[in-house]
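Encoded as structure tokens, the structure appears first; notes follow it.
The values are calculated or read from the model by the stated rules, or taken from the named source; none is laboratory data. Worth saying up front: this structure is predicted, and the values here are computed from it rather than measured. Methodologically, a virtual Cβ is constructed for each residue, glycine included, from the backbone with ideal geometry; neighbour enumeration extends over all protein chains shown.
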Amino acid sequence: MLPTDSTKKLSFNRCIGDGDLVIVYERHDSMKAVKVCLSSVLQNRFGVFKHSDWIGKPFGSKVFSNKGGFIYLLAPTPELWTLVLSHRTQILYIADISFVIMYLEIVPGCLVLESGTGSGSLTTSLARAVAPTGHVYTFDFHEQRAASAREDFERTGVSSFVTVGVRDIQGEGFPDEFSGLADSIFLDLPQPWLTIPSAGKMLKQDGILCSFSPCIEQVQRSCESLRSNFTDIRMFEILLRTYEVRQGKVDSLPHKRKKHSNEVSNKQDNQSTAAVMARPCGETRGHTGYLTFARLKCLS
Ligand SMILES: C[S@@+](CC[C@H](N)C(=O)[O-])C[C@H]1O[C@@H](n2cnc3c(N)ncnc32)[C@H](O)[C@@H]1O
């Protein structure tokens, strides 16, 4: 669980306990979330791991199987959770999430409104960003999705910073009780322009809205709607290039040339040394969506 310590800071400075959620890390592209249970085992290609061996170890520990294979037990941070959660919808990934939190100026204590909740990928990071004194109110009109998101927020330990509401935000707008109280609003809806007038009423003066849309036509309609009450309208597409870092071998004398073609190469020519190498991953994720930001116009 994402815990608050006695000073109300989010921290994992404690040991793994029975019932905790851990991220079992085999390698960067092979991770999964597991709930620790004293009597359970985890079985994978590296052998059988007893959960009882994990209890009492700090998060980050390397643990061994009956065959000597190993895995790491990592804390379920929002960054890792985004990589292992079950996709009930399309989700936001780390590059977009981090940009959104920065550009919406979300800090501890903020009140943030969001719709739709979807799989809760963004919400989990929003919750950590506003903790320990702020709150995220997130809405989805799909009851089952809202219920599953609530369960996930319990599992990841952020539930005290998030309230999930079931509501048709495009049809009804955000609830009036938030009028003028929101520091920022995030929309990931099919027709965000229908919600923009309500969002304008909910924001504090100078508050910021962000709308995520996969299609440029959605952005155009949103921008038309934004123009009446918002200013500083900006649009971004975040493209991420990932590099694979691995240990490899390089020729230790790559530039040494032979003086004569019939010269016998000396022993060193054939030697190679170990080096850390980085190269772009073949499967870089391309377009996810467009992020449109706008600031509420100042009335005075
Ligand atoms: C793409 S998902 C959001 C994913 C989310 N940003 C994440 O990172 O996990 C869009 C969500 O909007 C919800 N939605 C669509 N129309 C809605 C409406 N009118 N009111 C509330 N939620 C709506 C859908 O049920 C869906 O769960």
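Worth pointing out:
- Taking the listed residues Val162, Val166, the one that is surrounded by fewer than 20 Cβ atoms within 10 Å (Cβ to Cβ) and touching a strand residue (DSSP E or B) at 6+ places or on another chain (Cβ under 9 Å) is Val166, with no other qualifying.
Condition check ((1) away from the ligand (no atom under 16 Å from the Cβ); (2) modelled with pLDDT of 95 or more; (3) surrounded by fewer than 21 Cβ atoms within 10 Å (Cβ to Cβ)) across all residues:
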position: Ser61; (1), (2), (3): yes, yes, yes
position: Phe64; (1), (2), (3): yes, yes, yes
position: Ile91; (1), (2), (3): no, yes, yes
position: Val136; (1), (2), (3): no, yes, no
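- Residue under evaluation Ile97, criteria (1) out of contact with any Asp or Glu (no Cβ under 9 Å at 6 or more places or on another chain); (2) near the ligand (Cβ under 8 Å from one of its atoms), criterion not met: (1)
- Enumeration of residues in segment 150-200 that are away from the ligand (no atom under 14 Å from the Cβ), of a type in the set (A, V, I, L, M) and outside any loop (DSSP other than H, G, I, E, B): Ala182
- Residue check, Tyr103 among the hydroxyl-bearing types (Ser, Thr, Tyr), away from the ligand (no atom under 13 Å from the Cβ), in contact (Cβ under 8 Å) with a residue 60 or more places away in the chain and closer than 30 Å to Phe293 by Cβ: yes
- Any chance Asp188 is charged (D, E, K, R) and under 17 Å from Gly116 (Cα atoms): yes
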